[in-house]
Amino acid sequence: MENDKQVSDLKLERKECEKCGATWINGQHVWRGTGNISTSSEMDLAGLVCNKLGNDQCINPMKGKDGGQTWEYRAGFIDGIYSEKKKNMEDMRDKFSDL
């Protein structure tokens, strides 16, 4: 009797950068701590890590390209949120200071 069992062509390929430990699963970069995936994650990784610390061991295909997030961008984002919260607190203080 012939085996009629269907077989999947599912495969799992994992690559890890020897320099920074970044991981690609089936060709898609996956953020280590969160497991998040995005279309811009390789470019963001390049801006945050590879372009400053990468060397010939780096396997990120976006290494050396301009773009993506940088630490300066993230610091500015946090500074902006902090400034907005501070302004809101000052506005509330001024609004309710006579109570």
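The values are calculated or read from the model by the stated rules, or taken from the named source; none is laboratory data. Predicted, not measured: the structure shown is a model, and the values here were computed from it. As a convention, Cβ positions derive from the backbone with ideal geometry for all residues, glycine included, and neighbour counts pool all protein chains shown. Heavy atoms of the whole protein, side chains included, go into the accessibility calculation; ligands, DNA and RNA do not. Shrake-Rupley method; radii C 1.70, N 1.55, O 1.52, S 1.80 Å.
General observations
- Accessible area per residue (1.4 Å probe, heavy atoms of protein chains only) ranks Thr34, Thr39, Thr23, Thr70 as Thr39, Thr34, Thr70, Thr23, with the largest value leading.
- Magnitude of the charge dipole for the chain, about its Cα centre and with charges confined to Cβ atoms of Lys, Arg (+1) and Asp, Glu (-1), is about 220 debye.
- Cα-based shape type of the chain, given that a ≥ b ≥ c are square roots of the gyration tensor eigenvalues and the cut on a/c is 1.5: oblate
- Residue-normalised accessible area of the chain, given per residue in Å² at a 1.4 Å probe: 84 Å²
- Cα-projected label distance for Ile25 with Asn55, points at 7 Å along beta-carbon direction, nm: 3.0 nm
- Non-local lysine pairs in the chain, meaning eight or more places apart or on different chains, with alpha-carbon distances under 28 Å, amount to 13.
- Solvent-accessible area, 1.4 Å probe, carbon plus sulfur percent, for the chain: 53 percent
- FRET efficiency, Thr70 to Glu90 (Cβ-Cβ, R0 30 Å, nearest 0.05): 0.50
- Accessible area of Lys85 in the full protein assembly, 1.4 Å probe (Å², nearest 10): 130 Å²
- Ellipticity estimate at 222 nm from DSSP helix runs (n ≥ 4, -39,500 (n - 2.57)) divided over the chain, nearest 500: -10500 deg cm²/dmol
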